[in-house]
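The values are calculated or read from the model by the stated rules, or taken from the named source; none is laboratory data. Everything quoted here is computed from the prediction, not taken from an experiment. For neighbour counting, all protein chains shown are included, and Cβ atoms are generated from backbone atoms with ideal geometry for every residue, glycine included.
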Amino acid sequence: MSDTKHYLEIIDRFGDCRVVLYGDLVLDRFVLGTPKRVSREAPVIILRFEDQRDVPGGGANALANLAALGVKATAIAAVGDDEPGSALVAALNDRGIDTSRIVTAPGYRTPTKVRILGGGQSSLKHQVARYDIEDVLPEDGQWRSSVREHLAEEMRTAGAVAISDYGYGCVQTEMLQGLSNESGPPPWLCLDSRYRIGSFSGIDGATPNLEELEAHCGRRLQNDADVAAGAEELRRDLEAGFLLATRGNHGMTLVAAESEPSHIPVYGTDEVADVTGAGDTVLAVLTASLAAGAAPPVAADLANIAAGLVVMKLGTATVSAAELRAAVKTI
């Protein structure tokens, strides 16, 4: 990072940016309890219920990160006509996110990851069990045409779109074709896809982790040169302008058309507290930075710093503009 002032200017412009999140929304539900005794029915600990906390997860976590940055964020997605869906929309509303474009798909179960945590009243609670409620949106239905209409409408004024594909069926590649912005240049399209990143084309950038990149390439990527070659291979397959590969405690690798690969060292310490949702933070900060006028290398640097901050927090977490600004000033 050679121009701290420029990085700070990008962060300061977040509040003027409008980003659309198109993707799969997940509810992260944390059930907290205090150990009571060992059950007589089975060799398990009985917890006395204390509290329940509902946090946006998946694409909804990327939305929460956008809101924490001060970005004007709009969600284009589908939830089920169930209690978790209502709780998830309420959690997004509480963060100031525009949820008017979230549609309800009857019969669909909103993806929910329930983590049960136990510990003393004054001690750190640890996860003792987890169960997931998972469903896939039906291929046909009113939800699909509604999402398509909302996406076309919102793209007319959006500066960027973050695409968060967790495999629950909301993200359809054909819906991304022909998007335009009536008030300026076409919006940036940035993709995070867990299982089928190679199925997309014509996007501006993508943020695969190392496992996803190796799955696409069909081989192990064991050093900087391997990762750069694999990232460039995927970038070409996607016809993308750039690709930012996240590599855990090895930092990130950025490849772009007609540029040499750039290996970005991990920010902070490589001793992390929790990597939950770190990819959502990367997608949010990268997309917000591009919408604010940053070139991909600057946006990648800011995303890398944000990732270093969020992995030091427990659970599904976000990074604020103030935290990112303070971190930039120390570099």
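Kindly check whether there is at least one residue in the stretch 101-119 that is touching a Leu at 6+ places or on another chain (Cβ under 8 Å), under 30 Å from Leu314 (Cβ atoms), basic (Lys, Arg) and at pLDDT 95 or above. Yes: the stretch 101-119 contains one or more residues that are touching a Leu at 6+ places or on another chain (Cβ under 8 Å), under 30 Å from Leu314 (Cβ atoms), basic (Lys, Arg) and at pLDDT 95 or above.
Restricting Ala278, Ala292 to those that are touching a Lys or Arg at 6+ places or on another chain (Cβ under 6 Å), within 22 Å of Ala206 (Cβ to Cβ) and of a type outside the set (Lys, Arg) reduces the list to Ala292.
Out of the stretch 137-150, which residues are in contact with a helix residue (DSSP H, G or I) (Cβ under 7 Å, 6 or more places away or on another chain) and over 20 Å from Thr110 (Cβ atoms)? Passing the criteria: only Arg148. If you check Ala87, Ala64, Ala73 for being in contact (Cβ under 8 Å) with a residue 40 or more places away in the chain and in contact with a helix residue (DSSP H, G or I) (Cβ under 7 Å, 6 or more places away or on another chain), only one passes: Ala73. Screening Ser145 on (1) surrounded by fewer than 16 Cβ atoms within 10 Å (Cβ to Cβ); (2) at positive phi shows it passes everything except condition (2). If I go through the stretch 131-142 residue by residue, how many of them are outside any loop (DSSP other than H, G, I, E, B), modelled with pLDDT of 95 or more and not acidic (Asp, Glu)? Residues flagged as outside any loop (DSSP other than H, G, I, E, B), modelled with pLDDT of 95 or more and not acidic (Asp, Glu) within the stretch 131-142 amount to 2.
Close Cβ contacts (under 8 Å, 6 or more residues apart or on different chains) running from residues in the stretch 223-243 that are more than 20 Å from Leu189 (Cβ to Cβ) to residues that are among the hydroxyl-bearing types (Ser, Thr, Tyr) comprise Asp224/Thr253; Val227/Thr253; Ala228/Thr253.
Note on the stretch 306-318: residues that are surrounded by 17 or more Cβ atoms within 10 Å (Cβ to Cβ) and either modelled with pLDDT of 95 or more or of a type in the set (Gly, Ala, Ser) (or both) amount to 4.
In the stretch 18-34 there is at least one residue that is within 16 Å of Val285 (Cα to Cα), surrounded by fewer than 19 Cβ atoms within 10 Å (Cβ to Cβ) and of a type in the set (Lys, Arg). Against the conditions (1) part of a loop (DSSP other than H, G, I, E, B); (2) surrounded by 16 or more Cβ atoms within 10 Å (Cβ to Cβ); (3) not hydrophobic (A, V, I, L, M, F, W, C), His150 satisfies every one except (1).
State whether the residues of the stretch 121-130 include one that is basic (Lys, Arg), more than 26 Å from Ala152 (Cα to Cα) and not in a loop (DSSP other than H, G, I, E, B). For the stretch 121-130, residues basic (Lys, Arg), more than 26 Å from Ala152 (Cα to Cα) and not in a loop (DSSP other than H, G, I, E, B): present. Which ones in the stretch 190-207 are aromatic (Phe, Trp, Tyr) and closer than 12 Å to Glu239 by Cβ? Scanning the stretch 190-207 gives a single hit, Phe200.
Residue-by-condition table, conditions (1) loosely packed, with under 14 Cβ neighbours inside 10 Å; (2) at pLDDT 95 or above; (3) among the basic types (Lys, Arg):
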| residue | (1), (2), (3) |
| --- | --- |
| Lys125 | no, no, yes |
| Ala158 | no, no, no |
| Tyr166 | no, yes, no |
| Cys170 | no, yes, no |
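Confirm whether Gly96 is farther than 22 Å from Ser145 by Cα, surrounded by fewer than 21 Cβ atoms within 10 Å (Cβ to Cβ) and touching a residue at least 60 places away in the same chain (Cβ under 8 Å). Against the criterion (farther than 22 Å from Ser145 by Cα, surrounded by fewer than 21 Cβ atoms within 10 Å (Cβ to Cβ) and touching a residue at least 60 places away in the same chain (Cβ under 8 Å)), Gly96 does not qualify.
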